[in-house]
Structures are given as C-alpha cells and as structure tokens.
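Every number in this text was worked out from the coordinates using simple rules, so none of it is lab data. Keep in mind the model is a prediction, meaning the values are calculated, not measured. Using ideal geometry, Cβ is built from the backbone for each residue, glycine included, and neighbour counts are taken over all protein chains shown.
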Amino acid sequence: DPKPVVNEPGDLPVTAAHRGYSAVNPENSLAAYSAAMKAGAEYVEIDVHTTADGVPVVLHDQTVDRTTDGTGDVALLSSSYVGSIDAGSWFSPAFAGERVPTFAQVLDLMGTGSSDLLLEIKGPETREEVRRTVDMILEAGLEDRVVLQSFDEKALEYAYERAPQIPLGLLRGTLDADPVATAERLHATYYNPSGSALATRPSVARDLNAAGVGVFVWTVDSAADWTRFTDLGVEGMITNRPGAFIGWKAAQ
Ligand code: G3P
Ligand code: CA
C-alpha cells in the first residue's frame, strides 16, 4: 500500500482547500478549484457523486437544492440537467453562470496546475460507479496526484480492488477504538478525522504516524486550531481558508 510522508510534531502540514477555495467562491465550483490552485494549496478537496446516467460530478450534498437553482437528488438526475443548472448565484451574483463541474473537467483543470486532488467519494456508490471514477483517474495518468477518501468503507474497498496504487483516506467524524487497526484493515494510507474527534484523543495522531499512517484533519479554519493540530504532527490541514493558512504557515 502507498506510504505517506509522515510529519514530526511542529512540521507544517500541507494545505488542502476544502471544496476548493470555498470561503470566497461557491464550493466545489471550477472557480473555487482554480482559486485554490492559484493560492498555492498542495491539495484541493472536492466531493463526487454520480448522476443517474453514470457521470461523476462535483457536488457536496446528495441533492442539488442548496448549491444550485435546480432541485432533486443527484443520483436520480440526468447529467444534462445537472450540467444546465446554475451553481454560482446562490453564493453571490458575481458567480452567476458557474456550473456543477463534471469530474472530467476537474481532471482537465488539474492537468494545468500543480495542486493535487483530495477526492472524496460521497457515496453510497456502487462498485461500478467507484470504478468509473477510478478509471478516469488512471486514464488521465493522474494516479500519483490523487488521494481518494471516503466515509464509506465500501467505496474504499472498491477503489482498492481497482487501483491499489492510489492512496486511500478513511474519513471519520468520531474516532475508532483502534484507529491504526482500522486504517490497516482498509488499506488506508491516511486516517482523516474531524478536528473535534481528534481533540477527544490527540495521542491518536502520534499512534497513526508511528504506524506509518498519515492524518489530514478537517475542517480547520482558526489559527488556534492550526497551531494545535500542527503541534500534533498532522500531515494535512483541510481548510476553507487556504490563503489564510498558507499565510499563517509563512509566519511560523
Ligand atoms: O475532507 C473532509 C470533509 O470534507 C468531510 O466533510 O461534509 O465537508 O464533506 P464534508
Ligand atoms: Ca468533503
């Protein structure tokens, strides 16, 4: 299984721009993705769902209702409908005309910059759906620039079956009793807890690192928390404020 670069306590974590540069752009839009690349984020985090006709698209929620002017469950909608609705105006009139990106568009954009991809499979997705997304990464030749993460253990299993060379991240909102054993069982290169979960048992970060498992913590937007998790030696900071975090790192 792929091995992460493991930090020592105090080493500066890489920046993962949560849903793109989502503090100042509509989340999961190409504008948010480009802005995160421009800011210098080492990773851009996006969420992927699959439409009724099998096209992976970039959207956080299971429905398009909150972040577009359309309605409905993305898994029941056609890609042509999802591609036609406005995904920018809800955030600000300045972003009118932004669309729900296809995953293919994100891969194309990635090829133009140096930010890697922290790809969350939202799930639940079928084996076929996960395979299609993984195959697109392989076809684009970008497997060395992607970490595939999910809360859904099945999605990780399906990805591992297809492409064990792609590093996996297990997302957790609460800690497992034995996070190291859980990561190893799922072939997860990264164990990615919420900040509040990690704060319940901070020693877990060292335990994971000692076992050669990396940690990306989410979603961390304050300098106090950047300090606290950097001191634990986490590898990645998932943040809505990548520009501010990069500035904070430069001042350390
Ligand atoms: O990258 C981790 C984080 O994105 C998980 O939560 O709800 O923002 O996808 P959510
Ligand atoms: Ca996410």
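Per-peptide packing, taken as the mean over residues of other Cβ atoms within 10 Å, places 172-185, 80-93, 206-219 in the sequence 206-219, 80-93, 172-185 from highest down. Nearest 0.05, what FRET efficiency do A211 and D53 give at R0 = 41 Å with Cβ-Cβ as r? That gives a FRET efficiency of 0.50.
Approximating the spin labels as points 7 Å out from Cα along Cα→Cβ, the K3-to-T227 distance works out to 3.4 nm. Note on the chain: Cα-only Rg and Dmax are 17.3, 48 Å.
In region 53-67, whose amide N lies under 14 Å from the spot 7 Å out along Cα-to-Cβ of T126? List them in ranges. Only 53-56 fall inside the zone, counting backbone N under 14 Å.
Quick check on region 44-99: what does the Kirkwood estimate of hydrodynamic radius come out to from the alpha carbon pairs, in Å? It works out to 11.3 Å.
Shown for the chain: lysine pairs separated by 8 or more places, or found on different chains, whose C-alpha atoms are under 26 Å apart, numbering 6.
Length available on full extension from T71 to A251: 0.36 nm per residue minus the Cα-Cα distance, which gives 60.4 nm. Region 132-198 and region 1-49 have Cα centres separated by 16 Å.
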